[in-house]
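Here the structure comes first, spelled out in structure tokens, and everything after it is commentary.
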Amino acid sequence: MNVPELEPRVEHIYSLEIQSLDHDVIEMASRAEAMIGNAVDALVRADAELAEAVMLADDEVDQLDEDIEMRCLRMLSLGSPIGSDLRLVGATIKMITDIERVADLAVDIAACAKELEKEMVDGHLVDVRQISMLARKMFREAIEAYVQLDLSRVESVRSTEEMVDALNREFRRQLHDSMRNSPDTVVAASWTLMAVANVERIADHALNIAERVEMLIENELGRTL
């Protein structure tokens, strides 16, 4: 057996596998982001049917999470990747945990929408779409930072988080004022408050992903210096 000839072949196999992993991570993230949008639409419209569709979509994200994790573990156990491949596989395992949690939070928002539908009210007390658009932007850019290994997108995610935090504080203030001043809005305000908190947590997970990408890039830069 000519062992030296095997090394380029192994590297080629890893390259193909990592490209496939990237594709599946993007698919998983795309499904999770769509769930966020649909969950917020369900909340604003108090649409229980759309909320239920969000909950059903979570099963697909969970399956992708399991599939990607198993492939990563198989790569680690059978192929013994080194250097940048090892760091990338490790980062992927951590990232899909955040993506899966984002999908879970979309389900939590959808659950709030179903409660509003029961009360025959909607989620218009504050502009939930405004904060969710920012959180989705963060999430999308964090995934793009991972795919492109782009530090500028990491910085964009970090700066957008400050806007999300500011809106979260303002919306909490508005909803608390509504509950104090208009007792008939207490139920709607309470569920909307929970939904806004879940959107803010989505932004936190987007930042987690971006910061892991930042560490990955910095490790690669340090290795090449």
Task: Percentage relative contact order, the range 3-224, counting C-alpha pairs under 8 Å, at least six apart - done: 26
- [ ] Extending each Cα 7 Å along its Cβ direction at Val187 and Ile93, get the distance between those two points in nm, one decimal.
- [x] 4.7
Task: Options (1) 20.7; (2) 13.2; (3) 15.0 - which one matches mean projected area of the Cα convex hull in nm² as calculated here - done: (2)
Task: With Cα atoms, 0 to 90° folded angle of helix 83-118 axis to the chain main axis - done: 20
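What does the helix-only formula give at 222 nm for the chain: each DSSP H stretch with n ≥ 4 adding -39500 (n - 2.57), the total divided by the residues, and the result rounded to the nearest 500 deg cm²/dmol?
Working: 6 runs with 197 residues, N = 225.
Taken over the chain, the calculation gives -32000 deg cm²/dmol.
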TODO: Apply the Karplus parameterisation 6.51 cos²θ - 1.76 cosθ + 1.60, with θ equal to phi minus 60°, to every residue of the range 46-61 and state each ³J(HN,Hα) to the nearest whole Hz, in sequence, with x for glycine and proline.
DONE: 6, 9, 5, 5, 5, 4, 5, 5, 4, 5, 5, 5, 4, 4, 5, 5
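Neighbour counts of other C-beta atoms within 10 Å: give me Arg129, Arg74 arranged from fewest to most.
Details: Arg129 17, Arg74 11.
Ascending Cβ contact count within 10 Å gives the list Arg74, Arg129.
Taking K and R as +1 and D and E as -1, what net charge do the other residues with C-beta under 12 Å from the C-beta of Ser152 add up to? The partial results should precede the final answer.
Working: positive: Arg153, Arg158; negative: Glu141, Glu144, Asp150, Glu155, Glu214.
In short, -3.
Can you sort Val154, Val121 from fewest to most other Cβ atoms within 10 Å of each residue's own Cβ?
Working: Val154 24, Val121 18.
Neighbour counts put them in this order, fewest first: Val121, Val154.
Cut-off is 10 Å between beta-carbons; in what order do Val54, Val107, Val61, Val126 appear when sorted fewest neighbours first? Walk me through the numbers before you get to the answer.
On the way: Val54 28, Val107 18, Val61 25, Val126 21.
If I rank by nearby Cβ atoms, fewest first, I get Val107, Val126, Val61, Val54.
Here, each number is a calculation from the coordinates, and none is a lab measurement. Because the structure is predicted, anything quoted here is derived from the model rather than measured. Using ideal geometry, Cβ is built from the backbone for each residue, glycine included, and neighbour counts are taken over all protein chains shown.
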